[in-house]
Every structure is written in C-alpha cells, then in structure tokens.
Amino acid sequence: MKAVVLYGPNDFRLEEREIPKPGRGEVLCRVKACAICGSDPKVIAGKWKWTRYPMIPGHEWTGVVEEVGEGVDEFSPGDRVSVEPHKGCGTCFQCATGNYTLCENYGRPEKGHMHIGFTSDGGYAEYCKVPAQCLHPMPPGISFEEGTIITTAGTSLHALERVGIYAGDSVAVYGPGPIGIMAAQIAKALGAGKVIAVGTRGSRLEMAKSLGADHVINSKSEDPVKGILELTDGRGADVGVEASGSPLAAKQLLESVRKNGRIALIGFFSEEVSLNLNRAVVDGIRIVGSRAEGMRACARAMDLLARGLIRGRPLITHQFPLSEFPRALETAVKRLGDAMKVVVKP
C-alpha cells in the first residue's frame, strides 16, 4: 500500500508498505478520506513527544472495512466506518471511569494504550488497522469526506457536554475554526438560544454565520467583550467556549461571560496564559478543560450529523490525492485559499 511515513521531525516520505494484518480484536480498513487536523503539523514537526518513528500520521479518517480479526463480530467487510483516534489502556483509573482520552498510560503501547496517528499508525495511507472499539458505523447519507469531521464534532460535543448547555443559553465561541464552528452548530442543536462567534478572519466568521451563529464579532475591529455584553443585555454570555488557543482570546472570554457563567477550554495553548482568576472566584465562574472526543462523543456527533442538525461538508474547502500530501499539508498550514478543512484521499 501507499502511505505517508514519518521518520523524524518534518521527515515524511510517500512510500510503499506492507498492508497490515488485523490481529485479535482489530479491524483492517481501506481508507477513503483523511482530514488534516490542526494537531497534525505538530506531530509531523516532532512536537508530540510520545511519537515513535517510523509512524504513519493522520487520525481523522473514514473508510470501508476490509477484514476483521479474530473475535470481532461488531463489523463486517464492506461496512462504512469513521475512526475515533483514542484507545485507552483500559485498566488505569481514568479508563476505568470512562475517561480514556486522559489515560494514565498515554504513550505506552505495552500497556495497551493507542492514539491513532499520534503514537500508532494512522490514516495517511491506503489501509489502516485499528481496534474495533475505535470505529463507528457511518450512515449511508454521510459521505466519506464529510465523515472526516466526526472527530472534530466529537471534540466540540464533549466540551459542551462537560460544561453544560441548557435551553435558551447564550453561547460565545472564540475561534471560528473547524472546532469552534462545530461548537457553535452543536450548541444550537442542544438548545442554545443565541450563539455569538468571535474571530479575526472575515471568511471564517461568514462561514460561522452561514452555519447557525446568530451574531459574529471581528475582534480586529471591535471589542468582543463590549459586543457580547451589548448582545446579552449587559449580563454576559451564559457559556463561553475558547477554541482558538489564543491567550488574548482566553482573557477576553473570561470577561465575556456572566456571573455564575461557564467556560469550556478546548484550544491548545502554545504559551502560558495569564487570567484574571479573581473574576472567576468573585463571580462564581466555572472553568472546564476538555480534551478530545471523550465519552464516546463521536457516536453522538454522528447522530447529529445524520439527522442534519449539524453540517460538516461546508467546512471541507480543499481535497487532494495522497500523492500530493506535501501540497495538502502546506495548504492547511498556511491556510492557502482560505483553507478550513483539507482532506486527503488515498
């Protein structure tokens, strides 16, 4: 099979590899589409310390079951599936309590942990072998390309479930990238009354509005805190979501929510963030961190997508064959042509 193989930081090569054979409890899939996530460039650049070389990156993929290993009766050849990249060890405290994305044995394959595309082979290849528990059936109405958004949607859904969304809530989302726009859509699907998207790129704000955001604020030309307060009768948003990883956005978000409001932090920060935690204490603000698509959120996100309550296709702006992976990666990293979600098709 053809695969993009990572041999070291920024040393990736398109080459021929043997098609893997599924073992007990595993499933071999023919990959149909794999999206480039914002974390993939970090993995490729060697900034994920648990990566062991050589390895095939890529964790947002869909495909068709080709072969099942011993003991697998949940799937059959021909089934359409999407992947959930996290598999915990299954025995640590976090895994035992359902929090497998926080596995205490992260990066230790000898203990049974696996993070597809990060610590074990992923989907920038014609085939990928994964544990059966990492797959979700994909309804016929969802294309392979659109299905690649499920991990993104699951990440946003998990964060909103952790922080809590109630009917009629006003929700401010900072960072209208794929995760932020999905968070805005899901908030509406869960009953939010007013969703406000805040960002710095006009094209992304326009997309957020076209997919359900009631108001958008360009923080380059407008004070987002002031704008959100005006849109919420001076109280502030009930819920705030930080999906950009921007320290400034995090600071502004803390000032944007009401007393006794809730904040979900989803974006990864590349530097330390200084927050006015006195405001959180004095005004009783709940701050919740959320990592990845935990608690089987991908399955629930799939249901939302299948019922048309959220949409993934508009986020996919570019598609490339696997043979043009370097160009696809450059397009995603540099956001060429207003790239939002770039999909690679083996």
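The values are calculated or read from the model by the stated rules, or taken from the named source; none is laboratory data. All figures in this text were calculated on a predicted structure; none of them were measured in a lab. When we count neighbours, we look across all protein chains shown, and the Cβ atoms used for this are built from the backbone with ideal geometry, even at glycine.
For residues in region 32-43 being among the hydrophobic types (A, V, I, L, M, F, W, C) and part of a loop (DSSP other than H, G, I, E, B), which is nearest to Leu322 (Cα to Cα)? It comes out as Ile36.
Picking from residues in region 44-101 that are of a type in the set (Asp, Glu) and assigned to a loop (DSSP other than H, G, I, E, B), the one that is surrounded by the most Cβ atoms within 10 Å (Cβ to Cβ) is Glu84.
When Leu135 is tested against (1) closer than 14 Å to Ser82 by Cα; (2) touching a helix residue (DSSP H, G or I) at 6+ places or on another chain (Cβ under 7 Å); (3) not β-branched (Val, Ile, Thr), exactly one condition is not met: (2).
Within region 103-110, is even one residue in a helix (DSSP H, G or I) and closer than 29 Å to Gly46 by Cβ? There is at least one residue in region 103-110 that is in a helix (DSSP H, G or I) and closer than 29 Å to Gly46 by Cβ. Out of Leu229, Leu277, report the one residue that is more than 24 Å from the chain's Cα centre (by Cα) and without any contact (Cβ under 8 Å) to a residue 24 or more places away in the chain. Criteria check complete, one pass: Leu277. Given the conditions (1) surrounded by fewer than 23 Cβ atoms within 10 Å (Cβ to Cβ); (2) of a type outside the set (Val, Ile, Thr); (3) assigned to a loop (DSSP other than H, G, I, E, B), report the number of the one that Gly122 does not fulfil. Checking Gly122 against (1) surrounded by fewer than 23 Cβ atoms within 10 Å (Cβ to Cβ); (2) of a type outside the set (Val, Ile, Thr); (3) assigned to a loop (DSSP other than H, G, I, E, B), the one that fails is (1).
Scanning region 138-154 for residues that are farther than 10 Å from Arg80 by Cα and surrounded by fewer than 24 Cβ atoms within 10 Å (Cβ to Cβ) returns Gly141, Glu145, Glu146.
Does any residue of region 154-164 turn out to be charged (D, E, K, R), within 30 Å of Leu229 (Cα to Cα) and not in a strand (DSSP E or B)? Within region 154-164 (the criterion being charged (D, E, K, R), within 30 Å of Leu229 (Cα to Cα) and not in a strand (DSSP E or B)), the answer is yes, since at least one residue qualifies. With in a helix (DSSP H, G or I) and at pLDDT 95 or above as the only criterion, which of Glu222, Glu230 stands out? Going through Glu222, Glu230 in turn, the sole match is Glu230.
Per the listing Ser120, Ser143, Ser170, Ser156, the residue uniquely touching a Ser or Thr at 6+ places or on another chain (Cβ under 7 Å) and in contact (Cβ under 8 Å) with a residue 12 or more places away in the chain is Ser170. Looking only at region 182-196, decide whether some residue is surrounded by 23 or more Cβ atoms within 10 Å (Cβ to Cβ), assigned to a strand (DSSP E or B) and without any contact (Cβ under 8 Å) to a residue 40 or more places away in the chain. Yes - at least one qualifying residue is present in region 182-196. The set of residues from region 267-322 being part of a strand (DSSP E or B), of a type outside the set (Phe, Trp, Tyr) and within 30 Å of Gly337 (Cβ to Cβ) comprises Ile316, Thr317, His318, Gln319, Pro321. Based on this model, can you work out whether Cys29 counts as closer than 24 Å to Thr155 by Cα, outside any loop (DSSP other than H, G, I, E, B) and hydrophobic (A, V, I, L, M, F, W, C)? Yes; evaluated as a whole, the condition is true for this residue. Within region 84-96, residues that are closer than 17 Å to Lys129 by Cα have Cβ atoms under 8 Å from residues that are loosely packed, with under 14 Cβ neighbours inside 10 Å in no pair, counting only partners at least 6 apart in sequence or on another chain. In region 323-342, of all residues being outside any helix (DSSP H, G or I) and in contact with a Leu (Cβ under 9 Å, 6 or more places away or on another chain), the one that is farthest from Ala213 (Cα to Cα) corresponds to Val342. Scanning region 33-78 for residues that are hydroxyl-bearing (Ser, Thr, Tyr) and without any contact (Cβ under 8 Å) to a residue 24 or more places away in the chain yields one hit, Ser76.
Would it be correct to say that Gly312 is within 18 Å of the chain's Cα centre (by Cα), small (Gly, Ala, Ser) and modelled with pLDDT under 95? When the stated conditions are applied, Gly312 does not pass them. When Lys259 is tested against (1) in contact with a strand residue (DSSP E or B) (Cβ under 9 Å, 6 or more places away or on another chain); (2) more than 30 Å from Arg80 (Cβ to Cβ); (3) free of Cβ contacts under 8 Å to residues at least 60 places away in the same chain, just one condition goes unmet, and that condition is (1).
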